[in-house]
1. Holding the Cα-Cα limit at 29 Å, pick out from Lys102/Lys162; Lys162/Lys197; Lys98/Lys159; Lys161/Lys195; Lys120/Lys159; Lys188/Lys211 the pairs that are longer than that.
2. Can you check what the net charge comes to around Ser90, using other residues whose Cβ is under 14 Å from the Cβ of Ser90 (Lys, Arg +1; Asp, Glu -1)?
3. Report Rg (one decimal) and Dmax (nearest whole number) for the stretch 152-214, counting Cα atoms only, units Å.
4. Ranked by Cβ crowding within 10 angstrom, fewest neighbours first, how are Met191, Met130 ordered?
5. Taking R0 as 41 Å, what FRET efficiency do you get between Lys211 and Asp47 from their Cβ-Cβ distance, rounded to the nearest 0.05?
6. How far apart, in nm, are the 7 Å Cα→Cβ label points at Leu111 and Ala91?
7. With a 10 Å Cβ neighbour count serving as the proxy for reagent exposure, in which order, fewest first, do Glu212, Glu205 appear?
8. Suppose every K and R has +1 on its Cβ and every D and E has -1 on its Cβ; what is the size of the dipole of the stretch 152-214 about the Cα centre, in Debye to the nearest 20?
Amino acid sequence: MKMNLLFALMLACSLSAAQPPHHDPLDENLFPPELIMQNADEINLNDEQRERLEDEMRKAHERFTDMHADRERRLEAMNALLKKQRVDESAALAQFEKVMEKELEIRRAHLSLVIGLKNKLTPEQQSKLMEIKKRLPKEAVSDHRPNPGKPPPPSLQEKMKKLKAGVKKLEDEGGDAGSVGEIMREFKPLMDEQKYKQAEAVIDEALKLLKERK
């Protein structure tokens, strides 16, 4: 069972995460969405589970996109305050608190997501995923927490939404988005490395091909 392109696009929207500290309970006990879906066959994920998991991740992706954009706006506002020759300390600290509030909201949302995903798996599936995690190199298991680094620029986020909507429309009409999927193979690695300019170029190429198929 292969991930469809829409789901791959949702996974690609997740930001790359820093390596977790030693004995991190989140890393040890929870499962990144990518790990679950990339091993769907091996853990015998049934169609009903798959549909529920994809629906939950789809909803979460929409929330994360908005939250990351809001955090970026708050960071830009703080940056504007700090650029002044004479910084208003009270205003800057107040804006910093707003940035941290959004960061906490994002982290809570990610934690809620991965907890919800784990709870939809059977004990046998969870045990199997634990075995898979143990045999994979540490760096090969994507973390489930958001990267505190810079989120994708708004232009890239908008193009991601546009591509996802276009692919969904094409597939709903019985079209084949396989050629678009081939182009998008390069996308997630670039996003993981936060190479947003190159990632946006890949999106532009995919959108161009999608337009040609209409």
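1. Lys120/Lys159, as the Cα separations exceed 29 Å there.
2. Every neighbour counted, the sum reads 0.
3. In Å, with Rg to one decimal and Dmax whole: 11.4, 34.
4. The fewest-first ordering by Cβ neighbours comes to Met130, Met191.
5. Here the calculated transfer efficiency is 0.80.
6. Modelled inter-label distance: 3.4 nm.
7. Ascending Cβ contact count within 10 Å gives the list Glu212, Glu205.
8. 220 debye
None of the figures in this text is laboratory data; all of them are computed from the coordinates on show. All values derive from a computational prediction rather than experimental measurement. Every residue, glycine as well, gets a Cβ built from its backbone with ideal geometry; the counts of neighbours run over all protein chains shown.
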